[in-house]
Amino acid sequence: MKKFIIKTCVYVLLILIALELMVRALHLYTEDPPRFIDEYGVEKRVPSHTGYAVTGNRNQNFSKFHINNAGFNSFREFKPTQEKFEIALIGDSFIEGFHQDYYDSTGKKIERAMNDTVEVYEYGYAGYDLANQMHLINAYKDQFELIDEIIIYLNYQSDLERGVYEPNTQRIAMLKSTVFRIRDNIKLLAYGSKIGIVDPLKKLVTGQAFQEENSGGYETNEIVVPQHKDQEYLDNFKNLVELYGFDKCKTTILLDSRKTSESFLEYCKQNDIKYLDFAQAFEKTKKPVTLIYDHHWNNHGRDLIAQVISNYIGTISKNKKCE
């Protein structure tokens, strides 16, 4: 019996080692460059990290990222000047673009569409909401004063849930914890976490294993539609504008009107807050605009976004009156 247990343990260990080597060789795991909060309270990535982001359980999306000196995934460094024409593109994971090679990002597509007459600085970070974005602009105001146009991507359904910015120190501390470090260093564990294999173990560790599952949509086939708190979202937007200001001359909100409240759009119109709607471009195309296994924009979706922005910049640069 003792020999059987020993042999079983040895075989299990060898199998795990073989799987670990296979996961590493095939690069089935995704890399997540470390995060930190800088001296201005801005949450971003640790500079000078390059690697590969993987989506899907069979390398369905395999893309290279590069974190520049500013702490954002980008093909260029951010060095705004009075002489050049620069565009700041600010947003969450859609702008961060880990689902696309960094050298073929939305920003790069905009530059190509405008015949390399502009430089695009992509301030994208997974988890950013409007509070993060407004704080970012205010924290680096000297830099943004030199930038000619600012495009803020707004997902109305999730980006207006707070009217005051507070850095997420708890998330940073959690990602630096021993558990997460072990997960990141054992690639088999990282891969298992990504595809959900270790979810039961997670629940056991966090004490959720014996909690009753929330019965509802899945069991009854009901579609649970979240109710938008339009007035609360609008109040949060007003509060952020009051706290940080809003340069109406060179700032534009990028949004999808199909997912945005009419009351919010009307408020923007009444208060001369410019917004750029890409809904029509997405509706017209016959090709998918998002990844098959993910809701983020695919290459075609990014092409359309880049075209919408480049057309818009070309138009407003000719007709701009405010300074």
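So the check is Cβ under 6 Å with 6+ separation or different chains; which pairs have a first residue in the stretch 148-177 that's more than 25 Å from PRO33 (Cα to Cα) and a second one that's in a strand (DSSP E or B)?
ASP148/GLU86; GLU149/ILE87; ILE150/ALA88; ILE150/THR251
Taking the condition of being crowded, with 16+ Cβ neighbours inside 10 Å and either touching a helix residue (DSSP H, G or I) at 6+ places or on another chain (Cβ under 6 Å) or of a type in the set (D, E, K, R) (or both), how many residues in the stretch 31-52 meet it?
7
Take the residues of the stretch 265-278 that are under 29 Å from ASN61 (Cβ atoms) and in contact (Cβ under 8 Å) with a residue 24 or more places away in the chain: which is surrounded by the fewest Cβ atoms within 10 Å (Cβ to Cβ)?
Restricting attention to the stretch 265-278, the residues satisfying the condition of being under 29 Å from ASN61 (Cβ atoms) are 276-278.
Next cut, in contact (Cβ under 8 Å) with a residue 24 or more places away in the chain only: 276, 278.
Details: LEU276: 18, PHE278: 22.
Checked the stretch 265-278; the qualifying residue surrounded by the fewest Cβ atoms within 10 Å (Cβ to Cβ) is LEU276.
Within the stretch 126-154, which residues are part of a loop (DSSP other than H, G, I, E, B) and either out of contact with any Gly (no Cβ under 8 Å at 6 or more places or on another chain) or aliphatic (A, V, I, L, M) (or both)? So that I can check it myself, show each step before the final result.
First, the residues of the stretch 126-154 that are part of a loop (DSSP other than H, G, I, E, B): 126-129, 140, 147-148, 154.
Answer for the stretch 126-154, where residues must be part of a loop (DSSP other than H, G, I, E, B) and either out of contact with any Gly (no Cβ under 8 Å at 6 or more places or on another chain) or aliphatic (A, V, I, L, M) (or both): ALA126, GLY127, ASP129, TYR140, ILE147, ASP148, LEU154.
I need the full set of residues from the stretch 242-264 which are within 25 Å of ILE309 (Cα to Cα), free of Cβ contacts under 8 Å to residues at least 24 places away in the same chain and more than 21 Å from the chain's Cα centre (by Cα), in order please.
Hit for the stretch 242-264 is GLU262, nothing else.
Among the numbered conditions (1) more than 19 Å from the chain's Cα centre (by Cα); (2) surrounded by fewer than 18 Cβ atoms within 10 Å (Cβ to Cβ); (3) closer than 27 Å to VAL289 by Cα, tell me where GLU119 comes up short.
(2)
Bear in mind that the values in this text are calculations on the coordinates, not laboratory data. Remember, predicted model here, so these are calculated numbers, not experimental data. Glycine gets a Cβ as well: all are built from the backbone with ideal geometry, and neighbour counts include every protein chain shown.
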